[in-house]
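The values are calculated or read from the model by the stated rules, or taken from the named source; none is laboratory data. The structure displayed is predicted, hence computed values, not measured ones. Cβ sites come from the backbone with ideal geometry, for glycine too, and all protein chains shown count toward neighbours. Surface areas here come from the heavy atoms of the whole protein model, side chains and all, with no ligands, DNA or RNA. Shrake-Rupley method; radii C 1.70, N 1.55, O 1.52, S 1.80 Å.
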Amino acid sequence: MTAAIIRAQQVEKYYAQPSENRIQVISPTDLSIIPGEIVALLGPSGSGKSTLLRMLAGLSKPSGGEVFWHEKPIASAEINVSIVFQSFALFPWLTVLDNVEAPLKARGMSARERRERSEKILDTVGLDGFEAAFPKELSGGMRQRVGFARALVVEPEVLFMDEPFSALDVLTAENLRSELLQLWTKKTIPTQAIFLVTHNIEEAVLLADRIIVLGRNPGHIRTDFKVTLPHPRDRKTAPFTQLVDYIYKVLTRPDVAPAEVPATSNGKPVRDQRQMHYQMLPHARPGGIAGLLELVVDHGGKDDIYRLADDLAFEVDDLLPIVDAAQLLGFLTVEEGDAVITAEGRQYAESEILGQKTLFRKAAVEHILLLRQISRALTTKSDHTIHEEFFLDMLDEQFSEEETQRQLETAINWGRYAELFEFDASRRRFILPENDESPETVAEGPAE
Ligand code: ADP
Ligand code: MG
């Protein structure tokens with residue numbers, strides 16, 4: 001086995017809380033970055049991708065475990081890495097050339113050598129002629145080229161990138177991706193390994209030699225496999241789309257262990273052994289769930305998730321919570337990368353607004369623990385009202401403070417829509433709706 005450049009051993013990250021509980025963001029994880037590989041790290045937002053990247057890059061100290069740089073503890077090693085961020089992070093008051101020279105200056109390189117190296121790298125990334133421009137004069141794509149030049153000018157052994165193409169338009173992103181890949185495959189740059197965080201599945205399959213999928217709450221590796229397709233990769237070929245489908249499948253089924261990886265890769269799925277009390281409610285709106293279900297019914301009750309996303313011009317990050325939510329409610333199942341409508345889902349999609357509310361209420365109480373608890377508490381309590389604090393306390397044993405708030409917000413949103421309860425936002429209390437024979441007739445604002 002090739003010696004690792006960076007090796008993380010049982011690294012974890014948690015944040016202390018005022019109470020005794022701590023928020024675990026990354027559970028103890030082993031991971032190595034070896035020479036010759038582009039590694040893509042995929043995962044839903046909030047799963048800890050950036051946190052893991054920062055620990056591997058030596059920017060953030062793990063709460064437990066250790067990161068080694070060529071087998072030396074990273075804190076005391078002389079490391080040579082750079083990072084490209086989504087937000088470019090250029091100095092607005094410096095010219096392009098000065099921005100690129102900045103890290104060399106920080107390393108104490110002579111003015112002449114700095115200039116030479118910077119001009120050369122600007123040439124390489126296609127910024128020749130822009131040396132004297134200021135960042136604000138450049139388009140997003142050109143600014144990110146400066147970001148790449150500044151990262152590459154130090155000739156990093158490992159290049160880290162955190163969603164570097166996410167802020168760019170589709171064509172610019174595609175263009176920059178293929179240029180980066182060319183620099184890498186032709187060895188124009190001396191970089192030994194690339195570690196790319198992304199939420200774009202196709203981007204990962206297009207670029208990576210190895211793909212790691214993180215699950216959330218706390219962040220943990222769900223699957224880690226090699227991609228053996230030759231470059232340049234064609235998005236339209238069967239092996240490409242099969243792999244994209246497989247990753248969709250892993251991402252859309254957060255509760256199950258990943259199945260066999262397609263033949264184009266050699267997978268070592270890691271079994272997910274954690275058992276959580278509350279499900280993580282995806283932050284999707286009832287209106288969005290209804291929209292997705294209607295589209296699936298319209299497509300004959302079953303469609304490739306990858307194609308649905310494409311049809312909707314949705315990014316994974318936007319579609320996944322909706323698919324997740326529909327699955328949680330029992331309206332949809334995901335099989336082999338296909339979204340398949342269930343009998344309940346079809347009935348929901350084909351009902352009128354009030355019928356939809358009734359079906360949603362039934363599904364919510366049946367499948368979602370938090371909503372079931374709120375509903376039970378309200379029916380059993382004599383005054384039929386309860387403060388949100390009661391549920392926040394239970395949720396924050398499991399989620400971060402921020403996520404606890406988001407979980408409750410989503411539950412409120414769903415429960416209001418389903419007319420399971422009313423929520424008085426000024427008093428922060430849940431209230432059981434007036435006991436009117438048919439709650440369907442309770443007038444409330446339209447669903448989102
Ligand atoms: P990703 O990059 O996958 O979107 P991040 O690594 O940015 O995820 O964040 C992972 C989780 O860590 C999030 O749920 C976030 O709320 C939590 N987190 C980040 N910083 C802190 C902090 N200082 N205290 C508590 N939780 C934090
Ligand atoms: Mg991030």
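Here are the numbers:
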| quantity | calculated |
| --- | --- |
| Hits in region 302-332 - residues which are over 20 Å from the mean Cα position of the chain (by Cα) and surrounded by fewer than 16 Cβ atoms within 10 Å (Cβ to Cβ) | Lys302, Asp311 |
| Index of the failed condition, Glu137 passing every other in (1) out of contact with any helix residue (DSSP H, G or I) (no Cβ under 8 Å at 6 or more places or on another chain); (2) closer than 21 Å to Leu171 by Cβ; (3) in contact (Cβ under 8 Å) with a residue 12 or more places away in the chain | (3) |
| Residue ID - modelled with the lowest pLDDT, chosen from residues in region 238-260 that are within 15 Å of Ile212 (Cβ to Cβ) and touching a Leu at 6+ places or on another chain (Cβ under 8 Å) | Leu251 |
| Pairs with Cβ under 6 Å, 6+ apart, first in region 80-104 and assigned to a strand (DSSP E or B), second among the charged types (D, E, K, R) and open to solvent by less than 40 Å² (accessible area, probe 1.4 Å) | Phe85/Asp162 |
| Some residue of region 12-29 being open to solvent by 30 Å² or more (accessible area, probe 1.4 Å), modelled with pLDDT under 95 and farther than 30 Å from Pro282 by Cα | no |
| Candidates Ile194, Ile189, filtered to the one that is away from ligand 2 (no atom under 16 Å from the Cβ), in contact (Cβ under 8 Å) with a residue 24 or more places away in the chain and part of a loop (DSSP other than H, G, I, E, B) | Ile189 |
| From Asp324, Asp311, Asp318, residue being out of contact with any Gly (no Cβ under 6 Å at 6 or more places or on another chain), assigned to a helix (DSSP H, G or I) and without any contact (Cβ under 8 Å) to a residue 12 or more places away in the chain | Asp318 |
| Per-region count, region 376-428, residues outside any helix (DSSP H, G or I), among the hydroxyl-bearing types (Ser, Thr, Tyr) and either open to solvent by 70 Å² or more (accessible area, probe 1.4 Å) or more than 16 Å from ligand 1 (Cβ to nearest atom) (or both) | 3 |
| Pairs with Cβ under 7 Å, 6+ apart, first in region 38-60 and closer than 27 Å to Pro230 by Cβ, second more than 10 Å from ligand 1 (Cβ to nearest atom) and open to solvent by 10 Å² or more (accessible area, probe 1.4 Å) | Ile38/Trp184; Ile38/Asp209; Val39/Arg210 |
| Unique residue being without any contact (Cβ under 8 Å) to a residue 40 or more places away in the chain and in contact with a helix residue (DSSP H, G or I) (Cβ under 9 Å, 6 or more places away or on another chain) when the list is Ala173, Ala151 | Ala173 |
